[in-house]
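Visitor: Dropping a structure here in structure tokens format, bear with me for questions.
The values are calculated or read from the model by the stated rules, or taken from the named source; none is laboratory data. The model shown is predicted, which means the values in this text are computed figures rather than measured ones. A quick note on method: Cβ atoms are made from the backbone with ideal geometry, for glycine too, and the neighbour counts reach across all protein chains shown. Heavy atoms of the whole protein, side chains included, go into the accessibility calculation; ligands, DNA and RNA do not. Shrake-Rupley method; radii C 1.70, N 1.55, O 1.52, S 1.80 Å.
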Amino acid sequence: MFTNSEDFERILSPEQQEEIEEKIEITLRPQCLDHFVGQDNIKEQLAISMKAAQGRDEPIEHVLLYGNPGLGKTTLAGIIAKEMGVNIRVTAGPALERVGDLAAILSNLNRGDVLFIDEIHRMNKTIEEVLYSAMEDYALDIIVGKGPTARTLRMPLEKFTLIGATTKLNLLSGPLRDRFGHVFHLEFYQPHHIEKIINRNAVTLKVNLHESAGKLIASRSRHTPRVANRLLKRIRDYAEVKHDGIISESVANDALTMLNVDQHGLDDVDRKILNTIINMFAGGPVGLNTLSAAIAEEMDTVETIYEPYLIQMGMLERTPRGRMTTKLAHDHLAGD
Ligand code: ADP
């Protein structure tokens with residue numbers, strides 16, 4: 001089970017709480033491994049590890065999930081807890097400000113529970129170090145007092161499973177990474193997997209979706225389930241207000257045009273990034289800093305949300321001297 005809102009309030013700031021609660025919209029989130037589409041190799045490894053752990057009556061070893069936003073890290077954490085029949089506590093790296101925050105959460109875990117830390121790369125160093133002994137020895141080393149009278153107290157913890165999620169594996173320190181028994185990389189999804197997710201969610205949302213419309217939406221969803229779900233909901237709104245609620249291929253196409261999502265799934269910001277590099281910086285190379293300032297977007301947003309897809313599409317290159325557009329980007333924008 002996911003934690004309830006009172007639990008969030010104790011651990012997170014209002015903004016973080018809202019962000020994570022939005023992520024945990026139960027309706028479209030698969031609740032078991034069988035309903036989690038794609039990522040077959042990860043699912044197979046997880047299924048085996050969970051079965052083996054259950055056979056030994058042990059919690060599953062700590063799991064690190066890394067990959068771009070919206071690919072299913074939070075969803076998988078929820079599924080692992082559900083399949084193991086344990087509770088999950090959800091928090092995020094930046095929400096853990098003091099060692100006491102982490103100690104309070106850890107000491108409240110029951111045997112086997114899952115602690116999910118989103119954006120684990122943004123945890124501060126002191127907290128990270130406390131986590132080492134918690135992960136390895138299931139104990140908390142707390143320093144009591146100051147100066148020469150300071151002592152370390154070791155507080156035992158129940159055996160638990162830490163599931164960490166990150167979009168930036170390279171920002172995770174070696175010692176933290178090494179303490180995970182499983183490290184899984186979630187990849188962009190194949191179009192037929194996205195199509196399956198869209199079709200399944202159309203049933204959940206009780207939307208009449210034509211097969212060709214499902215294919216079209218899938219082809220413009222940036223290979224990302226979260227984007228597919230968002231587009232499906234916006235297109236449903238459009239079909240209900242402008243038409244009879246049925247999503248045919250032409251209705252989907254009109255709605256996507258209205259949403260400024262082009263045939264490659266690029267939106268306004270993607271095009272702005274490419275156009276800025278081409279027009280202001282002669283195709284690059286341009287540093288991320290300068291580029292973000294030129295388009296008035298946060299550096300982290302450009303790097304985490306936009307770049308990975310543009311790189312995947314072969315429209316952008318990351319070089320040691322900065323970002324460069326490719327011929328494909330020029331051709332695509334010229335044909336716009
Ligand atoms: P992340 O934590 O990686 O940012 P989430 O787990 O929040 O991503 O997933 C975003 C949305 O996409 C969720 O609402 C979930 O319903 C959906 N989703 C993600 N992965 C899958 C999948 N493999 N199958 C079906 N739906 C998925």
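Visitor: If you scan the range 200-257, which residues turn out to be within 13 Å of the ligand (Cβ to nearest atom) and more than 28 Å from Ile311 (Cβ to Cβ)?
Guide: Scanning the range 200-257 gives Arg200, Ala202, Val203, Thr204, Leu205.
Visitor: Report yes if some residue within the range 174-185 is within 20 Å of the chain's Cα centre (by Cα), free of Cβ contacts under 8 Å to residues at least 40 places away in the same chain and more than 11 Å from the ligand (Cβ to nearest atom); otherwise report no.
Guide: no
Visitor: With the requirement that a residue be farther than 29 Å from Ala252 by Cα and either outside any helix (DSSP H, G or I) or open to solvent by less than 20 Å² (accessible area, probe 1.4 Å) (or both), what does the range 298-311 give you?
Guide: Once the filter is applied, which keeps residues that are farther than 29 Å from Ala252 by Cα and either outside any helix (DSSP H, G or I) or open to solvent by less than 20 Å² (accessible area, probe 1.4 Å) (or both), the range 298-311 yields only Glu298.
Visitor: While we're looking at this one, here's another question. Determine whether the range 37-50 contains at least one residue that is more than 18 Å from the chain's Cα centre (by Cα), at pLDDT 95 or above and of a type in the set (D, E, K, R).
Guide: Yes.
Visitor: Something else about it: Would the range 298-320 turn up any residue that is in contact (Cβ under 8 Å) with a residue 40 or more places away in the chain, among the charged types (D, E, K, R) and either closer than 22 Å to Gln263 by Cα or not assigned by TED's automatic domain parsing to the domain that holds Glu119 (or both)? Spell out how you get there, then give the answer.
Guide: Of all residues in the range 298-320, those in contact (Cβ under 8 Å) with a residue 40 or more places away in the chain come to 304-305, 308-310, 312-313, 315-316.
Still in the running and among the charged types (D, E, K, R): none.
Among the residues of the range 298-320, not one is in contact (Cβ under 8 Å) with a residue 40 or more places away in the chain, among the charged types (D, E, K, R) and either closer than 22 Å to Gln263 by Cα or not assigned by TED's automatic domain parsing to the domain that holds Glu119 (or both), which makes the answer no.
Visitor: Applying the selection to the range 86-104, what residues are under 25 Å from Cys32 (Cα atoms) and either free of Cβ contacts under 8 Å to residues at least 24 places away in the same chain or among the hydrophobic types (A, V, I, L, M, F, W, C) (or both)?
Guide: Answer for the range 86-104, where residues must be under 25 Å from Cys32 (Cα atoms) and either free of Cβ contacts under 8 Å to residues at least 24 places away in the same chain or among the hydrophobic types (A, V, I, L, M, F, W, C) (or both): Val86, Ile88, Val90, Ala92.
Visitor: Now a separate question. Here's a check for you: in the range 188-213, which residue that is closer than 15 Å to Val227 by Cα and part of a loop (DSSP other than H, G, I, E, B) is most open to solvent (accessible area, probe 1.4 Å)?
Guide: Step by step, filter the range 188-213, then rank; the result is Gln190.
Visitor: Right, something else. Has the range 276-287 got at least one residue that is in contact (Cβ under 8 Å) with a residue 40 or more places away in the chain, loosely packed, with under 15 Cβ neighbours inside 10 Å and assigned to a loop (DSSP other than H, G, I, E, B)?
Guide: no
Visitor: In the range 136-187, which residue that is in a loop (DSSP other than H, G, I, E, B) and within 20 Å of Ile42 (Cβ to Cβ) is most open to solvent (accessible area, probe 1.4 Å)?
Guide: Ranking the qualifying residues of the range 136-187, first place goes to Glu187.
Visitor: Filter the range 105-121 down to the residues that are without any contact (Cβ under 8 Å) to a residue 40 or more places away in the chain and part of a helix (DSSP H, G or I) and list them by number.
Guide: In the first step, residues of the range 105-121 are kept if they are without any contact (Cβ under 8 Å) to a residue 40 or more places away in the chain; the result is 108.
Hits for the range 105-121: nothing passes.
Visitor: From the residues in the range 226-253 that are touching a Leu at 6+ places or on another chain (Cβ under 7 Å) and not aliphatic (A, V, I, L, M), which one is farthest from Gly314 (Cα to Cα)?
Guide: Filtering the range 226-253 for residues that are touching a Leu at 6+ places or on another chain (Cβ under 7 Å) and not aliphatic (A, V, I, L, M), the one farthest from Gly314 (Cα to Cα) comes out as Arg236.
Visitor: Something else about it: Taking the range 75-121, which residues are open to solvent by 10 Å² or more (accessible area, probe 1.4 Å) and within 12 Å of the ligand (Cβ to nearest atom)?
Guide: Thr75, Gly78, Asp118, Glu119
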